[in-house]
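Reviewing the structure listed below.
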Amino acid sequence: MTQSCDVLVIGGGPAGIAAASRAAEAGARTMVVDEGASPGGQIWRPKLTGHQPSVARQWLARLAASEATVSPRTTVVDLQVSAPRSFIVRAERSGIPTIIGARALVLATGARERFLPFPGWTLPNVFGIGGAQALLKSGTRFDGKRVVIAGTGPLLLPVAASLSAAGAKLLVVAEQSSRARVARFAAGLWNAPATLAQAARYRAGFFGAPYSMNSWVVRAEGDDRLRRVVVRVGTETRTLECDALCTGYGLVPNTELARLLGCVMRGSVVFVDADQSTSTDGVYCAGEPTGVAGVDSAIAEGQVAGLAAAGRASDAAPLRRVVSRRAAHGRGLDRAFALRPEIHTLAASDTIVCRCEDVRLGQLDRGWSARQGKLYTRAGMGPCQGRICGPALECLMGWSADSVRPPVFPARVRTLSSPAKTGDSAETSERNHDAPA
Amino acid sequence: MTSARRADAIVIGAGIVGAACAAALARDGFQVTVLDRAFPSAGTTSVGMGHIVAMDDSPEQLALSAYAQRLWHDLAPELDPRSELDHCGTLWVAEDDAQFAAVRAKRDVYAAAGIASEILDARALADAEPNLRPGLAGALYVTGDMVVYPPGATLRLLDIARANGARVRSGEEAVEILPNGVRCVHETYHAEVVINAAGPLAARLTPGLPIVPRKGHLAITDRYLGFVRHQLVELGYLTSAHVMTNESVAFNVQPRATGQVLIGSSRELVEWEASLNRDILAQMLRRAEAFMPALGELSVIRTWTGFRPATPDKLPLIGPWDAVPGLWIASGHEGLGITTSLSTARLLVDQIVGRAPAIDPTPYWPARVHSASAA
Amino acid sequence: MSETVAITIDAAEHHVAPGISVASALLNASVASFRRSRGGDARAPLCGMGVCQECRVTIDGAAHQRACMVTVAEGMRIVTATSAEP
Ligand SMILES: Cc1cc2nc3c(=O)[nH]c(=O)nc-3n(C[C@H](O)[C@H](O)[C@H](O)COP(=O)(O)OP(=O)(O)OC[C@H]3O[C@@H](n4cnc5c(N)ncnc54)[C@H](O)[C@@H]3O)c2cc1C
Ligand SMILES: Cc1cc2nc3c(=O)[nH]c(=O)nc-3n(C[C@H](O)[C@H](O)[C@H](O)COP(=O)(O)OP(=O)(O)OC[C@H]3O[C@@H](n4cnc5c(N)ncnc54)[C@H](O)[C@@H]3O)c2cc1C
Ligand code: FES
């Protein structure tokens, strides 16, 4: 299937929804694609039960009212610049190869969680913190489950609130950082329900579970699934029998598409100017890939990117102040949740670091580069392509990310083999070897 | 079984060719130092397919690759799990009766070179590889061909070299080859024997070597154990590999020990442009799907490109380089260097120590390019 | 839309809520092992958002599908792995 549009927004989270709405309202033929079953991204993805925050409802309604086409269940696996301000995007829609032509791109691919290995982290029922939230939204039942939440960042409190509301019995919410005040403040900033933020601000316990600073999970134990976790709470080590562990150490921006296009990076995030324009002409970027700063920032950046992609950058002026103010909050977040050294030493030499290929920490040599680690042990060679072990090994070994190659997500052979356009010019050379050997 | 102490030898390049040379020299008593500007298996060796194959593009190529096949069988017991050795054999697939007719002749050519093979008719081929499309004419099954994981085999060869006293230095770039020596950025090494095994970069150190990078694309799938059982190559492959001017693709699919399917292959002459050419990739995959329609549904997890060190006459450059005292060349192996690394190393060491080589070494002498360019 | 959707998980029939993900259907059915790692260990969803690939199962004959990204459908056949990956 081949389609074309003026502005293609990749990612339907808050940034993508804002970008698509503004671009479509400005008159551009706009399309937004997202892997999920419906738009919303990580925080606005509709819950099967319960309702959305009002900002989410407003923006989803605004998107629906706009002329933008929404294409859910669509995974972008490759993209390339075919001519200046002309892009060919290869996607898979429920497994069907799809080619989309576009004049401008808005990359709004969000973030994933950072995981750091510890003994037992590969056991079933050890989830990401955002991972548990995503599973809950997609229908996983946590009622009656004994849950431990341990990690860092502003995600802990809102996820604790959602799980608790869903009937889970929280045993402890362990935050490795010691900066309790900042944690609570940031949680409020991150759309934690106001009551929860309030609760957290005024006392140390909520939902019957302690919210405990200077605390982290040391190891998880079990057989065919998780049975218990060993948690360090302050100076004490406790063993807690439980059904689920939610763990994660902040967010890692999804910058693969930008890197595939050769966009200039600034450290681990995509470099953008005041119009959210990347170094590649016609490519804009908004939300987490430009720096993890939360949902309000994503909305503001998305609007700027959408307007600029539609050729109406001048209309974006009032939004720019919000963008820069929010970016400062993002940097504050990083400082508040800096990892304590103990977290880096949890993995033992027989702890698996690359889950796809079962590579253990002890197989890796500190003297190697990431590429050597990969070639010699297969670490990062599996189907997640280093999305999980890459950020972990960056923390543990100081290895920097490997190059990005298409497909950015596993894709069927026929998705990559379908001709990019009709009358594929290279077709003729396809059979230049008919003569018998 | 290290022999008497011999002279010093420096091997430039820790790809599979350099590693094989280092292992052979060290076993023969040389004091070997391997220098690599990056690290072992940083170059073409890390991007190749790892098919150990007797290839009959020319009698000289067949002689070198058939010899190599025997040496890989001899080495097999010494390889470790990292090498992922798989005795899967090759099926040269004939699309139609005309190609199938050529299979008989190919079998005889192989037999004369001491390579065992069997003819499979259409039924037998379908039984051997149920995922091939129906209607193919048959195949030649070369039973002794194998598949390895090239970086793993390279590490193993370097371990063998080290066990025989060799040193391996990563991050040491050769800047200039001197008479009986090599100048690196910080240090100059002296040795009676210097081997240029810098793969596609060999000509930067030895100007005059006619080596050009010939780009190839590969794609690898998730794990589908048993989907493909042998290395499958279309009979048209040799033509595709032989024609130097065009870009070409051929059906060339490999079962990995991991259950993954490695899909090749393409050839282009585009200098050092490493980015993925989506049109070529798509053509290559379509060619593979034309032979194995079910392949279309498998999930690809990564694609990449690599540069074969190619020579105009499609034969590697193995032997002395008279212009520089002590210098020997081991490069230009194009798409066959994983296979012929072992025979290259043996030919070279036999000539260095003055032993009679197992096969005629003269067709591979780099001197042939001198005479060719002088003419 | 009917109240429940009938699916099979490793040949056993289950009735699940419409609209939920395959991962949720399996977790709610107490399936602990979605896939087996190279070392033979049970693995199950980690990220819940399509990144980690730990939730891969065979869906209607297609291997390596991310259970967290697919919504259940009437008659869907889901098979989890029982042996180690090579
Ligand atoms: C797990 C998680 C939980 C979070 N919880 C909170 C919270 O409670 N409160 C809060 O304020 N902030 C939260 N955040 C941060 C929040 O996501 C961001 O602040 C905000 O949602 C950013 O919006 P975004 O549009 O940049 O990214 P996202 O909301 O992550 O949206 C990106 C979208 O792009 C899609 N996508 C990515 N790559 C592709 C591709 N190649 N093809 C197609 N689609 C693609 C993804 O599926 C996703 O739907 C959370 C983040 C994560 C990762
Ligand atoms: C797509 C593709 C598929 C292939 N498939 C097969 C196959 O199935 N079977 C097969 O037999 N062959 C195959 N090949 C060919 C095979 O990979 C090569 O012939 C072989 O790897 C060449 O090895 P090498 O050691 O000569 O070169 P390289 O592996 O490139 O090694 C050269 C080394 O020299 C180092 N170096 C370079 N310059 C310097 C310097 N100045 N100083 C110090 N060090 C230096 C580099 O860092 C590198 O490590 C394939 C190749 C490609 C591209
Ligand atoms: S749980 Fe990570 S990809 Fe599905």
Quick one: if the Förster radius is 56 Å, what FRET efficiency do A:E241 and B:E118 give, using the C-beta to C-beta distance and rounding to 0.05? 0.35
Bins of 10 Å from zero: percent of alpha-carbon pairs in chain A: 4, 21, 29, 26, 14, 4, 1, 0, 0
Reference-scaled alpha-carbon Rg (2.2 N^0.38 Å with N residues) for chain B: 0.97
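Using just the alpha carbons, could you tell me how many Å³ per residue the convex hull of the protein assembly as shown encloses?
In the protein assembly as shown, the Cα convex hull volume per residue is 173 Å³.
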Using every pair of alpha-carbon atoms in region B:219-331, split the distances into 10 Å bins beginning at 0 and state the percent of pairs per bin, rounded to integers. 13, 37, 29, 14, 6, 1
Please report the Cα spread of region A:18-117 along all three principal axes, rounded to whole Å, starting with the longest. 45, 44, 25
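What is the percent of Cα-Cα separations in region B:131-171 that go past 14 Å?
That fraction is 70 percent.
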Would you kindly find the accessible area of A:I100, with a 1.4 Å probe and non-protein molecules such as ligands, DNA and RNA excluded, rounding to the nearest 10 Å²? 0
Determine one quarter of the surface area of the Cα convex hull of region B:141-260, which equals its mean projected area, and express it in nm² to one decimal. 11.1
Using 10 Å bins from zero, what percent of all Cα-Cα pairs in region A:341-397 falls into each bin? 26, 61, 12
Ellipticity estimate at 222 nm from DSSP helix runs (n ≥ 4, -39,500 (n - 2.57)) divided over chain B, nearest 500: -9500 deg cm²/dmol
In whole Å, what are the extents of region B:1-94 along the principal axes defined by its C-alpha atoms, from largest to smallest? 50, 30, 30
Pulled fully out, how much extra length does the chain show between B:A358 and B:D322, if you take 0.36 nm times their separation in residues and subtract their Cα-Cα distance? 10.7 nm
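Which number comes out as Rg/Rh for region C:20-86 once both Rg and the Kirkwood Rh are worked out on C-alpha atoms? Don't jump to the answer; show the numbers that get you there.
Numbers: Rg = 10.9 Å, Rh = 11.7 Å.
Result for region C:20-86 is an Rg/Rh of 0.93.
The values are calculated or read from the model by the stated rules, or taken from the named source; none is laboratory data. Values in this document were obtained by computation on a predicted structure and should not be read as measured data. Note that we place each Cβ from the backbone using ideal geometry, even for glycine, and neighbour counts take in every protein chain shown. In case anyone asks, the SASA skips ligands and DNA or RNA and just uses the protein heavy atoms, side chains included. Shrake-Rupley method; radii C 1.70, N 1.55, O 1.52, S 1.80 Å.
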